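Report on one structure; see the data block that follows.
Please treat every number below as a calculation from the coordinates, not as lab data. Quick caveat, the model's predicted, so the values are computed rather than measured. Virtual Cβ from ideal backbone geometry, glycine too; neighbours counted across all protein chains shown.
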Amino acid sequence: MKIEDHLRNIKESLDVIKESIQKGIQERQRNIGFNVSVASVEMLEVFLHKENIINPGLMIKHDWFTSLRKAKEKLDFNFPEKEKIINFLFEIETKRNLLCYGKPRPVSEIESVLNSFNELKKLFKKKGLKWD
């Protein structure tokens, strides 16, 4: 996928996340779960493409990050702040299915996922990623 397509998808997810926060995170936990997950993976792909670490044909799957072992196997190459990025993605993905398919979750759990996402977003911004 082209970087422009990834950036468009990131913007869309960020808009949905913002709207979900405004409407109430408990009422929109599914939207938050899906969009935080997809935006995180899209940001990682853009970062790795821009750093010329992966080719444009490689597609990263969100479910790679449900296990730290699996994530490290799939991303068996080095890149800046790899451990930190994988850990944020792991934190997000371990909660994704609970938010998307489970019963209503406590506000603190939804906020925890949003906090991990915001930290990941800050990290990618510091690395020069722009989607605005």
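Descriptive notes on the structure:
- Cross-link table 82/121; 18/50; 82/125; 70/130, entries beyond 24 Å C-alpha to C-alpha: 18/50; 70/130
- Span from the region 45-101 Cα centroid across to the region 5-43 one, whole angstrom: 17 Å
- Residues in region 62-104 reached by a label modelled at residue 122 [backbone nitrogen below 19 Å; 7 Å Cα→Cβ]: 81-93
- Per-residue [θ]222 nm for the chain (sum of -39500 (n - 2.57) over DSSP H runs n ≥ 4, rounded to 500): -23000 deg cm²/dmol
- With the simple model of a label 7 Å out from the Cα in the direction of the Cβ, residue 69 to residue 132 spans 4.2 nm.
- The slack between residue 19 and residue 108, meaning 0.36 nm per residue of separation minus the straight C-alpha distance, is 30.2 nm.
- Between the labelled values [x] 1.01; [y] 1.34; [z] 1.14, the entry that holds Cα Rg over 2.2 N^0.38 Å as derived from this structure is [x].
- Out-of-range pairs (alpha-carbon distance over 27 Å; input 74/126; 72/103; 103/127): 72/103; 103/127
- Dipole size of the chain about its Cα centre, with +1 on Lys/Arg Cβ and -1 on Asp/Glu Cβ: approximately 100 debye, rounded to the nearest 20.
- The chain - percent relative contact order, Cα under 8 Å, separation 6 or more: 33 percent
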